[in-house]
Amino acid sequence: MRGAMVTNKENNTTTAIHADYVLIADGANSRFGRSMGTSREKAWPYGTAIRTYWQSPRHQEPWIESALDVKDRNGNSMPGYGWIFPVGDGTINIGVGLLSTFKNFKDVNTTHLLDSYAHMVADKWEIDPTKPECKATSGKIPMGGSVGPKIGPTHIVIGDAAGSVNPFNGEGIDYAYETAHMAADVLHDALVSGDAMALKRYEQLIDDEYGQYFKVARLFARVIGQPVLMRELSRVGIHSRTLMEWVLRIMANLLRPDEIGPAEAAYKAAAKIVKLFPNA
Ligand SMILES: Cc1cc2nc3c(=O)[nH]c(=O)nc-3n(C[C@H](O)[C@H](O)[C@H](O)COP(=O)(O)OP(=O)(O)OC[C@H]3O[C@@H](n4cnc5c(N)ncnc54)[C@H](O)[C@@H]3O)c2cc1C
């Protein structure tokens, strides 16, 4: 690839941009990436998320809130997890996400799920759940490095286009920046040395940085898709400050390298337990 055709929708003109190297950063749907041969590892979990904003007098709270137990208006548990981010501009961001490993994933209407969650938290956050500020934004989220190949002879794929979202918590902004940083590093080498083979180091950098962590995270995605196990983990975890701190550090990718091995062992053990509850 030696560049791209760029269409300016305002004046409907198309310009050819030539480049020695191209960074593909066109997000989760990545039509550009697909045309260069990327595809998602179908057997790996992916996520879907939806969010919008509500006026709230609590918009300046210093804490975010996460919920592992989203309930409908009748108090029934729904698959998925919810979050609330106070934005500080008069609004709060409320959203829900769920993973493809969740039971009945394909049947879940995320708009209804968000509506249920907004009603669930309405009193506490003093919002009118029927009056969001704007239409909700939703999207499919490839995760855990599930999209590849991540390099070609003259291109590198980064961010959501490379499926870089963290399956533990749905964060993708960090990973988009980080993969861009790694790509810039190898591009620099390629430009300085005049050798396109320098791009190969990108795959190694990605693997060193995320390989093992994402493997554990994909396992975690399967574990939390099992309600019985999730209930047990929440019950035990919620009563142990040490365990919760450990879980939070795993979820935010803040483990020290020497802690990743034990975490992987713990999740492998959890995966064995999952097999005991195949229909849970
Ligand atoms: C509902 C929802 C909530 C989320 N919440 C969080 C969160 O709280 N924290 C977090 O860390 N992550 C969150 N994420 C994930 C996060 O948004 C993404 O991981 C992150 O934006 C990825 O950045 P990116 O630059 O790779 O892709 P994007 O942000 O998707 O950027 C890609 C850009 O490319 C443009 N583009 C695409 N195709 C073309 C084309 N052919 N020509 C020109 N331009 C093109 C798009 O318009 C877009 O601007 C959320 C995602 C969703 C769907």
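Values in this text are rule-based calculations from the coordinates and carry no lab data. Keep in mind it's a predicted model, so treat the numbers as computed, not measured. Here Cβ is always computed from backbone atoms with ideal geometry, including for glycine, and neighbour counts include all displayed protein chains.
Which of the peptides 34-47, 57-70 is most tightly packed, and how do the rest follow, going by the mean number of other Cβ atoms within 10 Å of each residue?
Final packing ranking: 34-47, 57-70.
Can you give the Rg/Rh ratio of the range 46-141, where Rg is from the C-alpha atoms and Rh is the Kirkwood radius?
Ratio of gyration radius to Kirkwood radius for the range 46-141: 0.95.
What GluC sites (Glu not before Pro) does the range 90-180 have in DSSP loop regions with at most 14 other beta carbons within 10 Å?
Here the sparse-neighbourhood loop sites are 126, 133.
Give me 186, 108 sorted ascending by neighbouring Cβ count inside 10 Å, so fewest comes first.
108, 186
What relative contact order, as a whole-number percentage, does the range 5-116 give when Cα pairs under 8 Å and 6 or more residues apart are counted?
On the way: 161 pairs, mean separation 25.9, N = 112.
Value for the range 5-116: 23 percent.
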